[in-house]
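The values are calculated or read from the model by the stated rules, or taken from the named source; none is laboratory data. These figures come from a predicted structure and were not determined experimentally. Cβ sites come from the backbone with ideal geometry, for glycine too, and all protein chains shown count toward neighbours.
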Amino acid sequence: MLKGKIAVITGSTSGIGEGYARALAAEGCHVMINGFGDKDEIETLRQSLESEHGVKCLYHAADMTKPEEIGDMIATADKELGGVDILINNAGIQFVSPIEDFPVAKWDAIIAINLSSAFHTIQYAVPIMKKRGWGRIVNTASAHALVASPDKCAYVAAKHGIAGLTKTVALEVAQDNITVNAICPGYVWTPLVEKQIPDTAKARGITEEQVKNDVLLASAATKKFTTIEQVAALAVFLCGDAAENITGSLQSIDGGWTAQ
Ligand code: NAD
(Lines give C-alpha, C1' and ligand atoms only; values in the text may rest on other atoms or scores of the structure.)
Protein backbone atom coordinates (compact mmCIF):
# COMPACT_ATOMS: atom_id res chain seq x y z
CA MET A 1 0.00 0.00 0.00
CA LEU A 2 3.00 2.30 0.29
CA LYS A 3 3.92 1.90 -3.38
CA GLY A 4 4.14 5.32 -5.04
CA LYS A 5 3.98 7.29 -1.76
CA ILE A 6 6.49 10.10 -1.33
CA ALA A 7 8.69 10.08 1.76
CA VAL A 8 11.01 12.77 3.13
CA ILE A 9 13.53 11.49 5.67
CA THR A 10 15.79 13.91 7.51
CA GLY A 11 19.28 12.75 8.47
CA SER A 12 19.18 9.80 6.09
CA THR A 13 22.76 9.75 4.84
CA SER A 14 23.77 7.30 7.58
CA GLY A 15 22.59 5.02 10.37
CA ILE A 16 18.91 4.76 11.23
CA GLY A 17 17.84 7.38 8.67
CA GLU A 18 19.50 5.48 5.84
CA GLY A 19 17.70 2.39 7.14
CA TYR A 20 14.34 4.18 6.90
CA ALA A 21 15.17 5.29 3.34
CA ARG A 22 16.13 1.75 2.28
CA ALA A 23 13.04 0.20 3.90
CA LEU A 24 10.60 2.74 2.42
CA ALA A 25 12.21 2.52 -1.03
CA ALA A 26 11.88 -1.28 -0.78
CA GLU A 27 8.13 -0.69 -0.22
CA GLY A 28 8.04 1.31 -3.46
CA CYS A 29 8.13 4.82 -1.98
CA HIS A 30 9.87 7.66 -3.77
CA VAL A 31 12.27 9.14 -1.25
CA MET A 32 14.00 12.39 -0.50
CA ILE A 33 17.17 11.81 1.47
CA ASN A 34 18.94 14.49 3.51
CA GLY A 35 21.96 14.85 5.73
CA PHE A 36 25.66 15.56 5.75
CA GLY A 37 28.48 13.42 4.42
CA ASP A 38 30.79 12.68 1.54
CA LYS A 39 29.22 13.87 -1.75
CA ASP A 40 30.23 10.76 -3.72
CA GLU A 41 28.95 8.40 -1.03
CA ILE A 42 25.63 10.25 -0.88
CA GLU A 43 25.31 10.07 -4.67
CA THR A 44 26.10 6.33 -4.57
CA LEU A 45 23.36 5.87 -1.96
CA ARG A 46 20.90 7.94 -4.01
CA GLN A 47 21.60 5.95 -7.17
CA SER A 48 21.45 2.59 -5.39
CA LEU A 49 18.01 3.41 -3.93
CA GLU A 50 16.78 4.24 -7.43
CA SER A 51 18.32 1.27 -9.21
CA GLU A 52 17.57 -1.38 -6.55
CA HIS A 53 13.95 -0.43 -6.05
CA GLY A 54 12.86 1.36 -9.23
CA VAL A 55 11.84 4.49 -7.34
CA LYS A 56 12.80 8.14 -7.62
CA CYS A 57 15.29 9.38 -5.06
CA LEU A 58 16.40 12.98 -4.58
CA TYR A 59 18.99 14.33 -2.18
CA HIS A 60 18.52 17.68 -0.45
CA ALA A 61 21.36 19.14 1.63
CA ALA A 62 19.15 21.21 4.00
CA ASP A 63 20.86 21.96 7.29
CA MET A 64 18.34 21.14 10.01
CA THR A 65 19.43 24.22 11.98
CA LYS A 66 18.15 26.46 9.16
CA PRO A 67 14.36 26.84 8.86
CA GLU A 68 14.53 28.38 5.36
CA GLU A 69 16.55 25.41 4.06
CA ILE A 70 14.04 23.04 5.68
CA GLY A 71 11.26 24.90 3.89
CA ASP A 72 13.11 24.56 0.60
CA MET A 73 13.56 20.80 1.17
CA ILE A 74 9.83 20.23 1.71
CA ALA A 75 8.92 22.52 -1.23
CA THR A 76 11.41 20.68 -3.47
CA ALA A 77 9.92 17.30 -2.53
CA ASP A 78 6.46 18.67 -3.28
CA LYS A 79 7.54 20.10 -6.65
CA GLU A 80 10.02 17.49 -7.89
CA LEU A 81 8.62 14.29 -6.39
CA GLY A 82 4.98 15.38 -6.51
CA GLY A 83 4.02 15.79 -2.85
CA VAL A 84 4.88 14.70 0.67
CA ASP A 85 2.97 11.72 2.08
CA ILE A 86 5.41 10.45 4.68
CA LEU A 87 7.67 12.61 6.81
CA ILE A 88 10.30 10.95 8.96
CA ASN A 89 12.10 13.28 11.34
CA ASN A 90 15.37 11.62 12.21
CA ALA A 91 18.37 13.99 12.04
CA GLY A 92 20.07 14.11 15.39
CA ILE A 93 23.30 14.76 17.24
CA GLN A 94 24.54 14.04 20.74
CA PHE A 95 26.81 15.78 23.23
CA VAL A 96 27.69 14.49 26.68
CA SER A 97 28.73 16.73 29.56
CA PRO A 98 27.61 17.68 33.08
CA ILE A 99 25.29 20.70 32.98
CA GLU A 100 27.79 23.08 34.62
CA ASP A 101 30.18 22.62 31.68
CA PHE A 102 27.61 22.05 28.93
CA PRO A 103 28.52 24.50 26.11
CA VAL A 104 25.64 26.85 25.25
CA ALA A 105 26.38 26.35 21.54
CA LYS A 106 25.94 22.57 21.93
CA TRP A 107 22.64 23.06 23.78
CA ASP A 108 21.41 25.36 20.99
CA ALA A 109 22.54 22.97 18.23
CA ILE A 110 20.92 19.91 19.82
CA ILE A 111 17.63 21.72 20.44
CA ALA A 112 17.69 23.04 16.84
CA ILE A 113 18.56 19.74 15.12
CA ASN A 114 16.87 17.18 17.40
CA LEU A 115 13.71 19.18 18.22
CA SER A 116 13.05 22.45 16.35
CA SER A 117 13.76 20.91 12.92
CA ALA A 118 10.79 18.57 13.44
CA PHE A 119 8.56 21.56 14.24
CA HIS A 120 9.63 23.19 10.96
CA THR A 121 9.33 20.09 8.74
CA ILE A 122 5.89 19.31 10.19
CA GLN A 123 4.70 22.90 9.79
CA TYR A 124 5.70 22.84 6.11
CA ALA A 125 4.49 19.30 5.40
CA VAL A 126 1.06 19.25 7.09
CA PRO A 127 -0.68 21.57 4.59
CA ILE A 128 0.61 19.36 1.74
CA MET A 129 -0.63 16.21 3.50
CA LYS A 130 -4.01 17.81 4.20
CA LYS A 131 -4.36 18.67 0.52
CA ARG A 132 -3.53 15.06 -0.39
CA GLY A 133 -5.94 13.71 2.24
CA TRP A 134 -3.40 11.33 3.76
CA GLY A 135 -0.21 11.57 5.77
CA ARG A 136 2.14 9.75 8.08
CA ILE A 137 4.61 11.52 10.35
CA VAL A 138 7.14 9.43 12.25
CA ASN A 139 9.50 11.17 14.65
CA THR A 140 12.65 9.40 15.79
CA ALA A 141 12.69 10.03 19.50
CA SER A 142 14.63 7.75 21.86
CA ALA A 143 14.33 5.90 25.15
CA HIS A 144 15.54 9.32 26.29
CA ALA A 145 12.10 10.69 25.42
CA LEU A 146 10.85 8.66 28.39
CA VAL A 147 13.71 8.44 30.85
CA ALA A 148 16.89 10.42 31.49
CA SER A 149 20.58 9.63 31.81
CA PRO A 150 23.07 11.98 33.43
CA ASP A 151 25.19 14.34 31.31
CA LYS A 152 22.74 14.41 28.38
CA CYS A 153 20.59 17.40 29.37
CA ALA A 154 20.10 18.81 25.87
CA TYR A 155 19.49 15.44 24.20
CA VAL A 156 17.02 14.29 26.86
CA ALA A 157 15.22 17.65 26.84
CA ALA A 158 14.99 17.60 23.02
CA LYS A 159 13.72 14.01 22.93
CA HIS A 160 11.12 14.70 25.67
CA GLY A 161 10.15 17.72 23.53
CA ILE A 162 9.73 15.47 20.50
CA ALA A 163 7.33 13.34 22.56
CA GLY A 164 5.22 16.41 23.35
CA LEU A 165 5.31 17.65 19.76
CA THR A 166 4.23 14.20 18.54
CA LYS A 167 1.22 14.05 20.87
CA THR A 168 0.12 17.63 20.21
CA VAL A 169 0.27 17.50 16.41
CA ALA A 170 -1.39 14.06 16.45
CA LEU A 171 -4.43 15.63 18.11
CA GLU A 172 -4.47 18.59 15.73
CA VAL A 173 -4.51 16.43 12.56
CA ALA A 174 -6.39 13.42 13.93
CA GLN A 175 -9.36 13.92 11.62
CA ASP A 176 -7.31 14.66 8.51
CA ASN A 177 -6.20 11.06 7.90
CA ILE A 178 -2.74 12.00 9.16
CA THR A 179 -1.07 10.07 11.98
CA VAL A 180 1.85 11.28 14.06
CA ASN A 181 3.90 8.85 16.11
CA ALA A 182 7.33 8.63 17.66
CA ILE A 183 9.74 5.72 17.75
CA CYS A 184 11.78 5.43 20.95
CA PRO A 185 14.80 3.18 20.39
CA GLY A 186 17.30 2.12 23.00
CA TYR A 187 20.85 1.67 21.74
CA VAL A 188 20.81 0.91 18.04
CA TRP A 189 23.72 -0.84 16.39
CA THR A 190 24.80 1.98 14.03
CA PRO A 191 28.31 2.69 12.75
CA LEU A 192 28.33 5.57 15.23
CA VAL A 193 27.87 3.24 18.21
CA GLU A 194 30.17 0.56 16.79
CA LYS A 195 33.02 3.04 16.39
CA GLN A 196 32.84 4.05 20.09
CA ILE A 197 33.47 0.55 21.38
CA PRO A 198 37.27 0.17 20.97
CA ASP A 199 37.92 3.67 22.37
CA THR A 200 35.65 3.13 25.37
CA ALA A 201 37.31 -0.23 26.05
CA LYS A 202 40.71 1.44 25.98
CA ALA A 203 39.64 4.39 28.12
CA ARG A 204 38.05 2.20 30.80
CA GLY A 205 40.58 -0.65 30.64
CA ILE A 206 37.88 -3.24 29.93
CA THR A 207 37.20 -5.62 27.04
CA GLU A 208 35.03 -4.69 24.05
CA GLU A 209 32.53 -7.32 25.20
CA GLN A 210 32.33 -5.60 28.61
CA VAL A 211 31.73 -2.24 26.93
CA LYS A 212 28.79 -3.72 25.03
CA ASN A 213 27.22 -5.54 28.00
CA ASP A 214 28.12 -3.41 31.01
CA VAL A 215 28.11 0.08 29.49
CA LEU A 216 25.92 0.31 26.39
CA LEU A 217 23.50 -2.49 27.25
CA ALA A 218 23.44 -1.85 31.00
CA SER A 219 19.79 -0.75 30.83
CA ALA A 220 18.52 -3.20 28.19
CA ALA A 221 16.81 -6.18 29.83
CA THR A 222 17.36 -8.31 26.72
CA LYS A 223 21.08 -7.41 26.58
CA LYS A 224 20.63 -6.95 22.86
CA PHE A 225 21.09 -3.93 20.61
CA THR A 226 18.15 -2.89 18.48
CA THR A 227 19.05 -3.09 14.80
CA ILE A 228 18.58 -0.41 12.17
CA GLU A 229 16.35 -2.82 10.22
CA GLN A 230 14.07 -3.36 13.24
CA VAL A 231 13.60 0.40 13.72
CA ALA A 232 12.94 0.84 9.99
CA ALA A 233 10.41 -2.02 9.99
CA LEU A 234 8.53 -0.32 12.83
CA ALA A 235 8.39 2.89 10.80
CA VAL A 236 7.09 0.99 7.76
CA PHE A 237 4.40 -0.56 9.98
CA LEU A 238 3.41 2.88 11.33
CA CYS A 239 3.05 4.11 7.74
CA GLY A 240 0.83 1.19 6.74
CA ASP A 241 -2.92 0.58 6.83
CA ALA A 242 -2.78 -1.56 9.97
CA ALA A 243 -1.51 1.48 11.89
CA GLU A 244 -4.28 3.79 10.68
CA ASN A 245 -5.66 4.21 14.21
CA ILE A 246 -2.31 4.50 15.97
CA THR A 247 -1.55 8.15 16.55
CA GLY A 248 0.08 10.27 19.23
CA SER A 249 1.94 7.19 20.43
CA LEU A 250 5.49 6.67 21.63
CA GLN A 251 6.66 3.27 20.41
CA SER A 252 9.42 1.80 22.54
CA ILE A 253 11.92 -0.50 20.86
CA ASP A 254 14.50 -0.71 23.61
CA GLY A 255 14.90 -4.29 24.85
CA GLY A 256 12.90 -3.54 28.00
CA TRP A 257 14.98 -0.52 29.08
CA THR A 258 12.00 1.70 29.93
CA ALA A 259 9.94 -1.14 31.44
CA GLN A 260 12.16 -0.88 34.49
P1 NAD B 1 23.93 9.05 12.70
O2 NAD B 1 24.96 9.99 13.21
O3 NAD B 1 24.37 7.78 12.05
O4 NAD B 1 22.93 9.81 11.72
C5 NAD B 1 22.51 11.14 11.95
C6 NAD B 1 22.07 11.75 10.65
O7 NAD B 1 21.68 13.11 10.89
C8 NAD B 1 23.17 11.79 9.59
O9 NAD B 1 22.62 11.56 8.31
C10 NAD B 1 23.68 13.24 9.69
O11 NAD B 1 24.29 13.72 8.50
C12 NAD B 1 22.36 13.95 9.97
N13 NAD B 1 22.53 15.29 10.52
C14 NAD B 1 23.24 15.68 11.61
N15 NAD B 1 23.17 17.02 11.74
C16 NAD B 1 22.41 17.48 10.72
C17 NAD B 1 21.97 18.78 10.31
N18 NAD B 1 22.31 19.89 10.98
N19 NAD B 1 21.20 18.87 9.21
C20 NAD B 1 20.86 17.77 8.48
N21 NAD B 1 21.24 16.52 8.83
C22 NAD B 1 22.00 16.39 9.94
O23 NAD B 1 23.02 8.73 13.98
P24 NAD B 1 21.90 7.60 14.23
O25 NAD B 1 22.42 6.76 15.34
O26 NAD B 1 21.45 6.95 12.98
O27 NAD B 1 20.72 8.51 14.81
C28 NAD B 1 19.60 8.92 14.06
C29 NAD B 1 18.49 9.34 15.01
O30 NAD B 1 18.17 8.26 15.88
C31 NAD B 1 18.86 10.53 15.91
O32 NAD B 1 17.74 11.39 16.05
C33 NAD B 1 19.18 9.85 17.24
O34 NAD B 1 18.96 10.71 18.33
C35 NAD B 1 18.19 8.71 17.22
N36 NAD B 1 18.53 7.59 18.10
C37 NAD B 1 19.70 6.90 17.91
C38 NAD B 1 20.00 5.85 18.76
C39 NAD B 1 21.28 5.03 18.61
O40 NAD B 1 21.61 4.25 19.53
N41 NAD B 1 22.00 5.10 17.51
C42 NAD B 1 19.13 5.52 19.80
C43 NAD B 1 17.95 6.27 19.94
C44 NAD B 1 17.66 7.30 19.09
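Structure summary
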| item | result |
| --- | --- |
| Asp214 more than 16 Å from the ligand (Cβ to nearest atom), among the acidic types (Asp, Glu) and modelled with pLDDT of 95 or more | no |
| The stretch 85-130, residues that are charged (D, E, K, R) and free of Cβ contacts under 8 Å to residues at least 12 places away in the same chain | Glu100, Asp101, Asp108 |
| Members of the stretch 214-235 found to be in a helix (DSSP H, G or I) and within 25 Å of the chain's Cα centre (by Cα), listed by number | Val215, Leu216, Ile228, Glu229, Gln230, Val231, Ala232, Ala233, Leu234, Ala235 |
| Test: residue in the stretch 49-57 that is within 15 Å of the ligand (Cβ to nearest atom), in a strand (DSSP E or B) and touching a helix residue (DSSP H, G or I) at 6+ places or on another chain (Cβ under 9 Å) | yes |
| Qualifying residue in the stretch 235-245 (condition: away from the ligand (no atom under 12 Å from the Cβ), touching a Ser or Thr at 6+ places or on another chain (Cβ under 6 Å) and at pLDDT 95 or above) | no |
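Quick grid of which residues meet (1) in a loop (DSSP other than H, G, I, E, B); (2) exposed (fewer than 14 other Cβ atoms within 10 Å of the Cβ); (3) outside the structural domain of Ala21 (by TED's automatic domain parsing); (4) within 12 Å of the ligand (Cβ to nearest atom):
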residue	(1), (2), (3), (4)
Val84	yes, no, no, no
Gly92	yes, no, no, yes
Ser97	yes, no, no, no
Met129	no, no, no, no
His144	no, no, no, yes
Val156	no, no, no, yes
Ala163	no, no, no, no
Thr179	no, no, no, no
Leu192	no, yes, yes, yes
